[in-house]
Amino acid sequence: MTTIAHDAQGRASAAGGRMPGAAHWFMLTVVGKDRPAIVARITAALYDSGCNLGEASMTRLGGNFTVMLMVQYAGSSAALEQMVAPVCESLGLKLHVDKIEGQLHRHPEADVHIRVFGADRAGIVAQVTTVLADAGLDILDLQSAVAGTEDKPIYIMQIEGRALQGVAALESAVQILDGKGMEVQLEPIDLMLG
């Protein structure tokens, strides 16, 4: 039996500072118009409810803010959603919760970094990622931005991944993309072991 204790502020936590053995991992996704205190209010609500936080990605995209947060919690996804929903509603945010496998500390390491610059147009992300996937790229992280001007927008992608078929296969893919009017830079990442 796991004992849930409350600290001086009334926050619930598993005895000994650990989550109960029956705790599950959930992916909490939140999106909405950017405003101050989104991260503070959501994480405080989770902490106050005895949740443990894992890995997170939180970023501003355009005028919106998005949160993807791994949450360890002993209850159900519905109960977790009910705990966070009032905070999200008060901030005008949309909330989604999924049960997941935690898999913390299992991070494949990127061995290539790719930068792509091209005229912004419909389908550029699909075109680039399809060519790279066909050459064996396992994308671990992709960040993009639109630069330039409204009249001449430039789409920029920063991609980190694993070259599963080797760097030479990706170099061939880069040539294909260069031939489609994009500037593509491929850099191997030296993995330090030891």
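Give the residue that is most open to solvent (accessible area, probe 1.4 Å), with candidates limited to residues of segment 76-125 that are of a type in the set (S, T, N, Q) and either more than 25 Å from Gly136 (Cα to Cα) or in contact with a His (Cβ under 6 Å, 6 or more places away or on another chain) (or both). Applying the filter and picking the extreme gives Gln82. Taken across segment 101-109, residues that are modelled with pLDDT under 95 and polar (S, T, N, Q) do occur, with at least one present. State whether one or more residues within segment 107-124 are within 30 Å of Ala147 (Cα to Cα) and out of contact with any strand residue (DSSP E or B) (no Cβ under 8 Å at 6 or more places or on another chain). Looking for residues that are within 30 Å of Ala147 (Cα to Cα) and out of contact with any strand residue (DSSP E or B) (no Cβ under 8 Å at 6 or more places or on another chain), one finds at least one in segment 107-124, hence yes. For Thr66, the test of being among the hydroxyl-bearing types (Ser, Thr, Tyr), open to solvent by less than 50 Å² (accessible area, probe 1.4 Å) and not in a strand (DSSP E or B) is failed. State yes or no: is Leu80 under 18 Å from the mean Cα position of the chain (by Cα), within 27 Å of Asp48 (Cβ to Cβ) and of a type outside the set (Lys, Arg)? Against the criterion (under 18 Å from the mean Cα position of the chain (by Cα), within 27 Å of Asp48 (Cβ to Cβ) and of a type outside the set (Lys, Arg)), Leu80 does not qualify.
Cβ separations smaller than 8 Å between residues 6+ apart or across chains give the following pairs from segment 99-121 residues that are on the phi < 0 side of the Ramachandran plot to residues that are among the basic types (Lys, Arg) and in a strand (DSSP E or B): Pro108/Arg162; Glu109/Arg162; Ala110/Arg162; Asp111/Arg162; Val112/Arg162.
Give the residues of segment 157-184 that are open to solvent by less than 40 Å² (accessible area, probe 1.4 Å) and of a type in the set (Val, Ile, Thr), sorted by residue number. Ile159, Val174, Val184 - these are the residues of segment 157-184 that are open to solvent by less than 40 Å² (accessible area, probe 1.4 Å) and of a type in the set (Val, Ile, Thr).
The values are calculated or read from the model by the stated rules, or taken from the named source; none is laboratory data. Everything quoted here is computed from the prediction, not taken from an experiment. Cβ: placed from backbone, ideal geometry, glycine included. Neighbour counts: every protein chain shown. For the accessible areas, the whole protein counts, side chains as well, though only heavy atoms, and no ligand, DNA or RNA atoms are used. Shrake-Rupley method; radii C 1.70, N 1.55, O 1.52, S 1.80 Å.
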